[in-house]
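Okay, so here's the structure we're looking at.
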Amino acid sequence: MRSIEDNAFLLLIITVSLAFAWILWPFYGAILWGTIIAILFVPVQRRILSSTQLGRNLAAVLTILVIVVILILPMALVAASLTREAVGFYTSIQSGEIDLALLFRQVFALLPQWVTDLLNRFGLVSLEALQGEITTGLIYGSQYIANQAIVIGQSTFQFMANIAVMLYLLFFLLRDEGLLYRRISYAIPLRLEQKQEFLKKFTVVIRATVKGDLLVALLQGALGGLIFWLLGIGAPLLWAVVMAVFSLLPAIGSGLVWVPVAIYLLATGAIGKGVILIAFGGLVIGIVDNFLRPILVGKDTKMPDYVVLISTLGGIATFGLNGFVIGPVIAAMFIAAWDIFSASRQRIEGNDGIR
């Protein structure tokens, strides 16, 4: 049995840990992405160390420069262009330059009778209701991005502070990655094999989630934005980001964006553009997910699509945009923890059976 001192010390650890988490909460996004990027770029850090005579400090600095050049700067440029397109799109809707109601009426008026009958069968006959839902979603999405641009502009200091915290933390995570791994491993109150398995799963899941899900989503969004730009469809970067977001949801996918646009092109007489978009969407954008995701994610971390969908939506609802990563990672770690527990129980029961 634990003594009073042991219980008091355990309570102290829990209390100070919660207090420390509360203090760090304003920077949780910077800490989260600093940790994720460190896990992803540790192999780069190790390669630099092994192939050069640089020390750990200079190797970490060089790795951060690589991260800034290939990751942070391009994302900042894309974000700036995205906010401009979102603000312009929202302004066009508000001014009446883009009449969504007219667009929906044109599409529904040109639908064949069998499509109308199918919509009637599924209870989707209320054009006004359907139009209102979609229009509200488009307006809300563009308004949200526009408002975020204004918020970032008004809190530039906080935004830059988060970037500085992330890069500062990233330096020490890269430089001391071996020491930190050992200290965390020692501190986890689990059996040795359980600790090793859990930490291995955590690292694999982080890399798989970002490399697999986010990279595939970015690629699908980029391909969708490219074909939209080539076909002359307005705000291609905005639609590319929307397609990338939907690509993270396995039950929805980027088709929720390009399929309605293709239908609109066909219905309004742009047959060639509609056929090109359907062919490109089905043969290029769609295949990216089926071909690249298994390679990048791997079989060991594959979760059921329904778990990915629910955990992603739940993560977004709880943590905002960061939930795209937090939700699936928590779900994967939940499954990993129960797998380890189940394996431990099976070993114990097997040993009892032998006796």
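Data for the structure
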item	result
Spin-label zone in the range 184-203 - amide nitrogen under 14 Å from a point set 7 Å from the Cα of residue 20 along the C-beta vector	184-189
In order through the range 174-190: 3J(HN,Hα) via Karplus (6.51 cos²θ - 1.76 cosθ + 1.60), integer Hz, x for Gly, Pro	6, 5, 10, 4, x, 5, 5, 4, 5, 5, 5, 4, 5, 7, 6, x, 10
Accessible surface of the range 301-342 [probe 1.4 Å, protein heavy atoms]: carbon and sulfur percent	77
Residue 16 accessible area, 1.4 Å probe, all protein chains in place, Å² to nearest 10	80
³J(HN,Hα), Karplus 6.51/-1.76/1.60, whole Hz, each residue of the range 216-229, x for Gly, Pro	5, 5, 5, 5, 5, x, 5, 5, x, x, 5, 5, 5, 5
Area accessible to solvent at residue 181, 1.4 Å probe radius, in Å²	110
In Å², nearest 10: area of residue 197 left accessible to a 1.4 Å probe	70
HN-Hα J in Hz across the range 37-54 - Karplus 6.51, -1.76, 1.60, θ = phi - 60°, x for Gly and Pro	5, 4, 4, 5, 9, 4, x, 5, 4, 5, 5, 4, 5, 6, 9, 10, 9, 6
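The values are calculated or read from the model by the stated rules, or taken from the named source; none is laboratory data. Remember, predicted model here, so these are calculated numbers, not experimental data. Quick reminder, even Gly has a Cβ in these numbers, built from the backbone with ideal geometry, and neighbours come from all protein chains shown. The area values use the complete protein model at the heavy-atom level, side chains included, leaving out ligands, DNA and RNA. Shrake-Rupley method; radii C 1.70, N 1.55, O 1.52, S 1.80 Å.
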